[in-house]
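Worksheet: one structure, shown below.
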Amino acid sequence: MADWDGRGLVSTAWLAARLDDPGVRIFDATVHLRPAQPGPYRVESGRADYEAGHIPGAAFVDLARDLSDASAALGFTRLKGEALAAALGATGLDPALRIVCYSSSTPMWATRLWWVLRAAGFPNVAVLDGGFARWSAEGRPVESGSRTYPPARVQVTERPDAWADRDDVLAAIGDGGVCTLNALPAGVHTGEAEVNYGRKGHIKGSRNVPYAALLDADGLYRGEADLRALFEGAGALQRPRVIVYCGGGISATMDALALVRLGHPSVAVYDGSMSEWTRDPDLPMETGA
C-alpha cells in the first residue's frame, strides 16, 4: 500500500510524506462508546483526545453532533441531501481534495466517515490503516490544540445503493442474491453474550464476520487473502449484493471497507441496524451461529 489505490486504505508512510500537501486534508473522527445503564452504551465525543494530540494539520469532525440527524430517533442516523452537503462543507470536507480519515480509538469511526463520504459521491477518500495508534507507535509527529479547514462548497451526489433500510433487509431474508452480514462480535451474533440491543441474537438468515476479525495484531487490516477467506466463508463473495449491519451502522462500515477492497460490486450499510430492528418485535431474529 505504498500509494493511494482508491480502495479505502492508505498507509502511515504515505500520509507522513504528504503532511504539507495542500491537496490532502486529514480528519480525526474519534468517538467513544462508554458502558451505560440502560445500555448498551453512551456516546462521548473524542474531541478532548484530539485536542490533546493529533496528526499535524488534522481537523476534528464530530460524527454524532455534526454529521448525524439530530431529529432522528436513533443516534448516528445519516444526514441526507442539502443537510448533508451543508454539514460536510462547514467542516471543510472538500470533494475536490484527497480526504484521509482516522481515529484514535477503534477504526470504525474512521470507516464510518469514509463510508458517509463515499456514499455522498466523494471520489478520493481513504482511512489511515492502523489509525492514530499506529502513527504514534512509529514515533511520527503529533501536535496538540485545534485546527480547522476553510469551508468547502459541496454538492452531494448520493449513491442510494450504498445504504439499506429495514424494508431492504426484510426483503433480503431468503433472497439468494443477497448476503446479509452482521459485523458484531460472535457472542452477540449467537445471543450468548450479555450485551444485546434489546433482543438477543441476529437478523434472521444473516451471517457473521466480526469487525475485530478484520484486523491483525498490529491493528492493521489483514491482507487480501485473509479477508477473502473470511468473506467467502460467510458466503458474501458468492452473492451479487451484500448488506452489512451492526448495532448502529458504525462497525458495519469496517466490513464494508474490506468488501470494497476485495472488489465486491454492490455493498450497502443498514444504517438503523440492530438499534432499529430490535424495536419491532415482528421483525424476525434468531440465535445460534
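Laboratory data are not the source of any read-out in this text; all were calculated from the coordinates shown. What you see is a predicted model; the values in this text were computed from it and never measured. Please note: Cβ atoms are built from the backbone with ideal geometry, for glycine as well, and neighbour counts cover all protein chains shown.
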Given Cβ charges of +1 for Lys and Arg and -1 for Asp and Glu, the option among 114, 31, 41 whose Cα lies farthest towards the positive end of the dipole of the chain is 114
Compute the long axis of helix 81-91 from its Cα atoms, compare it with the longest principal axis of the Cα atoms of the chain, and write down the angle in degrees, 0 to 90, nearest 10.
-> 40 degrees
Which percent of Cα-Cα pairs in segment 1-128 sits in each 10 Å bin, short to long?
-> 12, 45, 33, 9, 1
When the charge dipole of segment 184-230 is computed with +1 on Lys and Arg Cβ and -1 on Asp and Glu Cβ about the Cα centre, the Cα farthest towards its positive end, among 197, 210, 225, belongs to 197
Note the per residue figure in Å³ for the convex hull of the C-alpha positions in segment 60-172.
-> 130 Å³
Apply the Karplus parameterisation 6.51 cos²θ - 1.76 cosθ + 1.60, with θ equal to phi minus 60°, to every residue of segment 179-189 and state each ³J(HN,Hα) to the nearest whole Hz, in sequence, with x for glycine and proline.
-> 10, 9, 10, 9, 8, 6, x, 4, x, 6, 4
Per-residue HN-Hα couplings for segment 200-213, Karplus 6.51 cos²θ - 1.76 cosθ + 1.60 at θ = phi - 60°, whole Hz, x for Gly and Pro?
-> 7, x, 9, 4, 3, x, 7, 9, 10, 10, x, 4, 5, 5
Most to least packed among 94-102, 59-67, 154-162 [average Cβ atoms within 10 Å] | 94-102, 59-67, 154-162
Under 5 Å from the placed amide H of residue 41, counting only residues 5+ away or on other chains, we find 36
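Take 255, 226, 271 and order them by how many other Cβ atoms sit within 10 Å, fewest up front.
If I rank by nearby Cβ atoms, fewest first, I get 226, 271, 255.
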Mind checking the angle between helix 252-261 and the chain's longest principal axis? C-alpha axes, 0 to 90 degrees, to the nearest 10.
-> 70 degrees
Let me know the charge dipole size of the chain about its Cα centre in debye, to the nearest 20, where only the beta-carbon of Lys, Arg (+1) and Asp, Glu (-1) is charged.
-> 100 debye
Residue-averaged [θ]222 nm for the chain, counting only DSSP H segments that reach four residues, each worth -39500 (n - 2.57) = -7500 deg cm²/dmol
May I ask which residue of 123, 54, 133 lies farthest towards the positive end of the charge dipole of segment 9-158, with charges of +1 (Lys, Arg) and -1 (Asp, Glu) on Cβ and the Cα centre as origin?
-> 123
Over the chain, how many percent of alpha carbon pairs lie in each 5 Å bin up to the one with the longest distance?
-> 1, 6, 12, 18, 19, 17, 13, 8, 4, 1, 0
Taking the Cα centre of segment 102-252 as the origin, how large is its charge dipole in debye, to the nearest 20, when only Lys and Arg (+1) and Asp and Glu (-1) carry charge on their Cβ atoms?
-> 260 debye
Taking amide hydrogens as modeled 1.01 Å from N in the peptide plane, which residues meet the under 5 Å criterion relative to residue 208, leaving out close sequence neighbours?
-> 182
